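The values are calculated or read from the model by the stated rules, or taken from the named source; none is laboratory data. Only a predicted model underlies this, so the values are computations on that prediction, with no experimental measurement involved. Glycine also receives a Cβ, built like all others from the backbone with ideal geometry; neighbour counts cover every protein chain displayed.
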Amino acid sequence: MARGLRFLVLILSVASICDAATFNPISDSHRSAALELFTPTDGSLKSLEETFEALRTFEVLGIDKKSEIKGYTCPTVVDTLWSPSSALKDLFQALRVNGVLKCELNDEVFAGIASRLKDNVKDANSLLDLHYLIGSLKLIKGQTAEVDVHLEDADGIFRAIKALSQSDGRWRFSSNNPESSTYAAGIALETLAGVVALASHDIDQSLMDTLKQDILKLFDGIERYDDGSCYFDEKLVDAQGNWGPVSASSSIVRGLTSFATSTPESLNLPGDRILCLAKFFLGIGVPGNFKDLYHQIDALASLENNRISIPLILSLPSSVLSVTRKDQLKVRVNTVLGSAVPPLSVKLMQIFTSGSKDASIIDQELKFDPETKLHVLDALPENVDVGKYTFTFEILLHDPEHKKIYATGGRTKVSVYVTGVVNIDQAEIAILDSDLGNVETKKRLDLTGENTIALSANHLQKLRLTFQLTTPFGRAFKPHQAFLRLRHESGVEHIFLVRSSGKNFEITLDFLGLVEKFFYLSGRYDIQLTVGDSVMENSFLQPLGYLDLDLPDAPEKAARPPPQPVDSSSKYGPRAEITHIFRSPDKRPPTELSFAFLGLVLLPLGGFLIGLLLLRVNLRNFPSSTLPAFFAISFHIGIAAVLSLYVVFWLKLDLFTTLKALGILGISLMFTGHRTLSYLASTSAKLKSA
Amino acid sequence: MARSSTAKDAQALIQSLRSAYAATPTNLKIIDLYIIFAVSTALIQVVYMALVGSFPFNSFLSGVLSCVGTAVLAVCLRIQVNKENKEFKDLPPERAFADFVLCNLVLHLVIMNFLG
């Protein structure tokens with residue numbers, strides 16, 4: 001892509017080593033994140049500190065929730081401020097919240113608190129205590145004019161805070177604690193700013209000078225990223241959750257800007273430091289937790305109107321320009337919170353091709369559209385074709401006085417993608433003879449439409465595919481992806497890269513050398529061509545047709561093709577229905593025959609009964625007197641019962657219940673039988689003897 | 001002549017058998033009739049099986065066995081009850097009959113279990 005493009009080449013100074021990145025000012029995504037992250041549950045459960053952070057964030061972002069929060073927060077605030085035993089920290093937080101919500105309080109409360117605080121000032125020795133004291137006094141000054149909050153011994157307090165500083169510019173939290181923290185440095189600066197603002201007399205100049213030196217030392221320890229942003233890192237982790245670069249950098253920014261506001265002297269800080277800090281806060285996007293969002297928004301709000309230099313942010317609403325749509329390059333310049341800027345103009349200075357140090361000098365001014373507040377470039381320079389570029393802009397302020405107030409940051413680099421439709425033409429596919437290169441079959445392809453080519457080849461031939469790619473401006477184009485894929489009907493596929501020289505792309509597949517790679521699989525191969533790039537608007541993945549390839553048979557030792565992944569629905573899906581084959585049941589005789597034989601079997605029984613009648617059987621021996629008769633009858637009934645039990649056993653019961661019943665019946669049968677038969681025996685014996 | 005003499009001899013034999021048999025006591029005749037009844041039932045079952053095949057073989061066996069078994073028990077009863085049998089002179093016939101009944105009941109329990 002770089003080759004063939006003709007730029008005006010000038011090797012530039014390597015001052016701008018940093019990569020291009022886009023920083024966008026605060027947008028609606030921050031607002032929605034703020035609303036989402038701070039959802040008051042009961043209101044009173046949130047501490048005053050968190051409530052203040054929420055209020056400050058909403059205030060900066062322009063979200064109005066004050067009346068909602070005021071309802072359940074003001075009572076807590078009033079209680080805290082009225083109570084004589086509130087801790088310093090609580091007083092500070094309550095005053096901060098009151099500063100935003102303006103709850104119903106009278107000057108008496110403030111007077112009482114101010115006098116209490118002024119008494120405690122001499123005894124305080126830790127940084128945080130002094131911070132809360134001075135901060136509270138400053139807040140009282142802002143909320144009522146009646147109370148006197150001036151500090152008598154401002155120099156003494158200044159020295160006390162200064163005593164906690166370290167040589168590298170950081171501060172300790174107290175004299176007992178040897179560890180230094182960047183966050184503490186920010187708090188110290190803020191407190192010192194408060195001391196200067198509340199002092200009744202001017203602070204000693206030597207103290208101010210040493211402080212300025214400390215600030216410069218602090219900035220020596222700043223960390224940088226490649227994209228032009230810088231931040232302060234925190235080595236000390238404290239339990240309050242103030243750790244990490246966001247809170248440390250935010251604390252420093254707060255302290256610095258409040259210090260700059262409180263003193264008319266200049267701090268001699270180069271403007272690009274402020275700008276790179278602003279870029280850091282914008283570069284973190286939308287933080288995921290509330291504390292970080294608060295720190296980010298608060299720091300940016302401090303930077304928006306600070307006295308050192310106000311950063312101006314250059315951003316692009318869209319960094320993708322389409323040649324087809326004839327998009328214009330549009331640039332926007334805002335402050336960090338997205339507010340208006342003084343009159344200025346934007347110049348496009350250079351265009352770098354991505355991946356190359358060569359650049360073309362443009363030096364063209366963009367036209368300002370007052371309605372949309374965008375700077376627009378009418379037309380891109382002629383040599384800007386499709387591809388990825390880095391544009392270098394410069395902001396020029398119209399009023400030279402503004403240069404002291406605003407920081408423009410010199411040259412700003414932004415990545416821009418220029419996309420377009422790439423023309424594909426002269427596409428041909430051919431089968432060639434291996435030896436002489438004679439063309440056997442040659443077919444033209446239309447890669448913008450559908451193709452179904454049917455080719456056939458054997459292993460002695462070659463397949464050749466050629467096409468040309470040109471950009472909308474007629475130059476050669478090298479896409480990220482140019483693949484030819486051959487897929488066998490069994491699923492085995494082979495991918496080949498299509499190489500290019502200039503505009504021409506060609507691939508030749510010599511089947512003689514590829515026989516082993518193809519695992520000796522003959523058959524139908526589907527041909528598919530893929531050409532794609534991120535700046536190509538018409539990337540495609542197209543089936544071209546099929547090729548019937550005839551390869552020799554595989555020898556014994558040839559590699560087998562890799563097993564294709566089994567279609568999971570066939571492996572884990574429902575299987576085919578199994579039809580069980582049962583043994584065919586035995587042939588039963590027809591029911592009529594069975595019933596006929598049933599009748600036939602009952603015939604002998606009938607014959608037996610008839611025979612009994614013929615024999616003139618009688619029941620003369622049946623006992624006539626009651627008791628033996630009773631036993632005789634019970635005996636017969638018992639036998640009948642046993643036989644019917646057997647029938648029931650056959651029909652329904654199992655052996656064990658039958659045996660149980662049989663046992664019972666058998667005992668009774670034994671008894672009655674014994675009685676009956678012994679009676680009969682005795683009667684017959686009597687007859688014999690008689 | 002031989003045929004007619006054989007026929008006459010057979011007839012005379014049958015006649016003498018019949019008259020001798022008529023002298024047997026009635027209770028023995030009852031038992032004989034019972035035996036004939038049981039055996040003929042068994043024979044009919046065998047003929048049925050020959051016709052339709054032996055599919056529930058256990059049923060066939062239990063049927064035949066029940067008939068044959070009860071016939072055998074009846075034979076035993078007859079032997080014990082017969083007054084001319086000197087061996088069982090001291091055995092009261094009621095006792096034999098009780099044995100017969102008991103053994104039949106046990107046999108039929110087994111049969112019913114095997115019938116299926």
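Given the condition within 17 Å of residue A:252 (Cβ to Cβ), in contact with a helix residue (DSSP H, G or I) (Cβ under 6 Å, 6 or more places away or on another chain) and not in a loop (DSSP other than H, G, I, E, B), answer yes or no: does some residue in segment A:195-216 qualify? No, that holds for no residue.
Of the helices (runs of 4 or more DSSP H) contained entirely in segment A:231-332, those carrying at least 1 residues that are under 32 Å from the mean Cα position of the chain (by Cα), at pLDDT 85 or above and over 24 Å from residue A:220 (Cα atoms) fall at A:290-304. The set of residues in segment A:133-142 that are surrounded by 15 or more Cβ atoms within 10 Å (Cβ to Cβ) and farther than 7 Å from residue A:114 by Cβ comprises A:133, A:134, A:135, A:136, A:138, A:139, A:141. Scanning segment A:366-377 for residues that are surrounded by 12 or more Cβ atoms within 10 Å (Cβ to Cβ) and either touching a residue at least 24 places away in the same chain (Cβ under 8 Å) or not in a strand (DSSP E or B) (or both) returns A:366, A:373, A:374, A:375, A:376, A:377. Within segment B:43-57, one or more residues are over 22 Å from residue A:682 (Cα atoms), among the polar types (S, T, N, Q), within 11 Å of another protein chain (Cβ to nearest Cβ) and crowded, with 16+ Cβ neighbours inside 10 Å.
Could you tell me which of the residues A:38, A:52 is of a type outside the set (Val, Ile, Thr) and touching a residue at least 60 places away in the same chain (Cβ under 8 Å)? Checking each option against the conditions leaves just A:38. When A:85, A:67, A:29 are checked against the criterion of being modelled with pLDDT of 85 or more and surrounded by fewer than 17 Cβ atoms within 10 Å (Cβ to Cβ), A:29 stands alone in meeting it. Residue check: residue A:575 meets all listed conditions (1) at pLDDT below 90; (2) of a type in the set (Lys, Arg); (3) within 30 Å of residue A:460 (Cα to Cα) but one, namely (3).
Can we say residue A:166 is out of contact with any helix residue (DSSP H, G or I) (no Cβ under 9 Å at 6 or more places or on another chain) and either surrounded by fewer than 21 Cβ atoms within 10 Å (Cβ to Cβ) or basic (Lys, Arg) (or both)? No; evaluated as a whole, the condition is false for this residue. Please determine, by comparing only the residues of segment A:606-638 that are among the small types (Gly, Ala, Ser) and within 11 Å of chain B (Cβ to nearest Cβ), which one is surrounded by the most Cβ atoms within 10 Å (Cβ to Cβ). Per the stated criteria, the residue is A:638. Screening residue A:56 on (1) farther than 30 Å from residue A:390 by Cβ; (2) within 36 Å of the chain's Cα centre (by Cα); (3) modelled with pLDDT under 85 shows it passes everything except condition (3). Of the numbered criteria (1) over 15 Å from residue A:171 (Cβ atoms); (2) within 28 Å of the chain's Cα centre (by Cα); (3) modelled with pLDDT of 85 or more, the one residue A:196 fails is (2). Being surrounded by 14 or more Cβ atoms within 10 Å (Cβ to Cβ) and outside the structural domain of residue A:458 (by the TED database) is the requirement here; does residue A:561 meet it? Yes: the conditions hold for residue A:561. Note on segment A:442-487: residues that are within 25 Å of residue A:354 (Cβ to Cβ) and assigned to a loop (DSSP other than H, G, I, E, B) amount to 9.
A quick yes/no check of all residues on (1) over 30 Å from residue A:681 (Cβ atoms); (2) away from chain A (no Cβ under 11 Å):
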residue: B:60; (1), (2): yes, yes
residue: B:63; (1), (2): yes, no
residue: B:69; (1), (2): no, yes
residue: B:73; (1), (2): no, yes
residue: B:77; (1), (2): no, yes
residue: B:88; (1), (2): no, yes
residue: B:98; (1), (2): no, no
residue: B:102; (1), (2): no, no
residue: B:108; (1), (2): no, no
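For residue B:62, the conditions (1) surrounded by 12 or more Cβ atoms within 10 Å (Cβ to Cβ); (2) more than 20 Å from residue A:650 (Cβ to Cβ); (3) of a type in the set (Gly, Ala, Ser) all hold with the exception of (2). Here residue A:578 clears all of (1) within 12 Å of another protein chain (Cβ to nearest Cβ); (2) under 30 Å from residue B:55 (Cα atoms) except the condition numbered (1). Quick one: would you say residue A:226 is out of contact with any helix residue (DSSP H, G or I) (no Cβ under 9 Å at 6 or more places or on another chain) and either in a loop (DSSP other than H, G, I, E, B) or farther than 30 Å from residue A:24 by Cβ (or both)? Here the answer is yes, as residue A:226 does meet what is asked. In segment A:309-334, of all residues being surrounded by 21 or more Cβ atoms within 10 Å (Cβ to Cβ) and among the β-branched types (Val, Ile, Thr), the one that is nearest to residue A:410 (Cα to Cα) corresponds to A:313.
Residue check: is residue A:687 in a loop (DSSP other than H, G, I, E, B) and either modelled with pLDDT under 85 or more than 12 Å from chain B (Cβ to nearest Cβ) (or both)? Judged against the criteria, residue A:687 is not a match. Flag: residue A:560 does not match the condition of being without any contact (Cβ under 8 Å) to a residue 60 or more places away in the chain and under 29 Å from residue A:421 (Cα atoms).
Within segment A:589-605, being assigned to a loop (DSSP other than H, G, I, E, B) and within 7 Å of chain B (Cβ to nearest Cβ) holds for one residue alone: A:589.
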